[in-house]
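Presented below is the structure to which this report refers.
The values are calculated or read from the model by the stated rules, or taken from the named source; none is laboratory data. What you see is a predicted model, and the numbers here were worked out from it, not measured in a lab. All Cβ positions, glycine included, derive from the backbone under ideal geometry; neighbour counts span all protein chains shown.
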Amino acid sequence: RSMNQTLAGPRLPPELERQIFELCACTRPVAIPKLMLVAWRVKEWIEPLLYHTIMVCQSTPVDGYHSLTPETLTALLRLKPADFFRDSVRNLLLHAVSQSVVASVLAVCTGVENLWAPMASSVLSPTTGLPLKHLYTNFSPLFEGVHPVDPLFSQLTHLELIGVANVGVDIPSILSLLPKLSHLAFNDEEFTPHCPGVLEQCKSLAVLVSLGNPLVPGMAFHEYEQDLSKDIRFVVLFSSWFKDWQMGARSNSDYWLRAENFIAQRRSGAIDAAQYEFLDD
């Protein structure tokens, strides 16, 4: 083979070469900047994957990911056309970030499907237009500025509610209006009294998770324990939220999956159907 043939280009078919680089990029996103230096075509293929999952958090990321500061992310969003981030960003975590920063980021990253941002509940509106499937945010004031039947929630299947709603809110009725809600989680024991109503009214609900410590249930839980333990969809488990969200964004290996598998075991008889507490090994 001549030198010209050797330098002519990729030896593998371009489609296969692209698949290999994309697999490497998805497996270890922090390696993407170095991989982009291989060739211009590789940069074009995998640069969008660098922004597929964006995190702003002070906690240490799991291996393979990196976290940004609010200032870095804000500056980053000015470097490329808005349609680049619209088409690239799918998973977004914004922890300890101001409402104004959340609003500015969501105004650019309009293709986000998986959003973890407590302050998002104060920002989301009928004009936001995100194709949300998974949402983790403060319960209040989530449904005050946008109605559950708004197109914003038309594809929402997984919802984690942080904190509690305002006094007087008919929680079961509101949540029952979300057309595709199949997975619901909460982290405050004050939500517990609403669980029977939620399980009854939310017909499409397959999983209801209490994100407490199974070994230390709250006082509010004991009053409803007998009734809730009879519904196979109810699970109590603990989630290390930051790591768990990242594993979900990477491979769907999050507490939702653990709850689904646990419910399947109860349904099949592999474990006692009345056992609602999931204890990690």
* Condition broken by L92, with the remaining ones in (1) in a strand (DSSP E or B); (2) surrounded by fewer than 16 Cβ atoms within 10 Å (Cβ to Cβ) satisfied -> (2)
* Quick check: anything in region 267-279 among the aliphatic types (A, V, I, L, M), in contact (Cβ under 8 Å) with a residue 60 or more places away in the chain, out of contact with any strand residue (DSSP E or B) (no Cβ under 7 Å at 6 or more places or on another chain) and over 18 Å from H183 (Cβ atoms)? -> yes
* Filtered residues of region 236-281 (kept if at pLDDT below 95, surrounded by 15 or more Cβ atoms within 10 Å (Cβ to Cβ) and touching a Ser or Thr at 6+ places or on another chain (Cβ under 7 Å)) -> V236, F242, M247, A249, Y276
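Check region 255-267 and report whether any residue there is among the aliphatic types (A, V, I, L, M), touching a Cys at 6+ places or on another chain (Cβ under 9 Å) and in the same structural domain as C57 (by TED's automatic domain parsing).
The answer is no, given that none of the residues of region 255-267 is among the aliphatic types (A, V, I, L, M), touching a Cys at 6+ places or on another chain (Cβ under 9 Å) and in the same structural domain as C57 (by TED's automatic domain parsing).
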* To do: Considering (1) at pLDDT 90 or above; (2) in a loop (DSSP other than H, G, I, E, B); (3) of a type outside the set (V, I, T), say which one A185 fails and leave the rest.
  => (2)
* Test for L68: is it in contact (Cβ under 8 Å) with a residue 12 or more places away in the chain, in contact with a strand residue (DSSP E or B) (Cβ under 6 Å, 6 or more places away or on another chain) and of a type in the set (A, V, I, L, M, F, W, C) -> yes
* Structure fact -> Those residues of region 42-60 which are surrounded by fewer than 17 Cβ atoms within 10 Å (Cβ to Cβ) and not assigned by TED's automatic domain parsing to the domain that holds R28 amount to Q58, S59, T60
* Asked: Inside region 15-29, can you point out the residues that are at pLDDT 80 or above and of a type in the set (A, V, I, L, M)?
  -> L16, I20, L23
* Asked: N213 versus (1) modelled with pLDDT under 95; (2) in contact with a helix residue (DSSP H, G or I) (Cβ under 9 Å, 6 or more places away or on another chain): which is the lone unmet condition?
  -> (2)
* Could you pull out the residue among T110, T72, T60 that is closer than 26 Å to T157 by Cα and either among the polar types (S, T, N, Q) or part of a helix (DSSP H, G or I) (or both)? => T110
* Structure fact -> Restricting region 75-105 to residues that are polar (S, T, N, Q) and touching a His at 6+ places or on another chain (Cβ under 7 Å), the one farthest from S121 (Cα to Cα) turns out to be S88
* When you go through L7, L12 one by one, which is the residue that is farther than 25 Å from W245 by Cβ, aliphatic (A, V, I, L, M) and modelled with pLDDT under 80? -> L7
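Considering L199, L159, L208, which residue is surrounded by 17 or more Cβ atoms within 10 Å (Cβ to Cβ) and either within 26 Å of A107 (Cα to Cα) or not assigned by TED's automatic domain parsing to the domain that holds R258 (or both)? Before you say what the answer is, go through the steps one by one.
On the way: L199 fails: either within 26 Å of A107 (Cα to Cα) or not assigned by TED's automatic domain parsing to the domain that holds R258 (or both); L208 fails: either within 26 Å of A107 (Cα to Cα) or not assigned by TED's automatic domain parsing to the domain that holds R258 (or both).
L159 is the lone residue from the list that is surrounded by 17 or more Cβ atoms within 10 Å (Cβ to Cβ) and either within 26 Å of A107 (Cα to Cα) or not assigned by TED's automatic domain parsing to the domain that holds R258 (or both).
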* To do: Report yes if V101 is assigned by TED's automatic domain parsing to the domain that holds S122, β-branched (V, I, T) and more than 16 Å from P131 (Cβ to Cβ), otherwise no.
  => yes
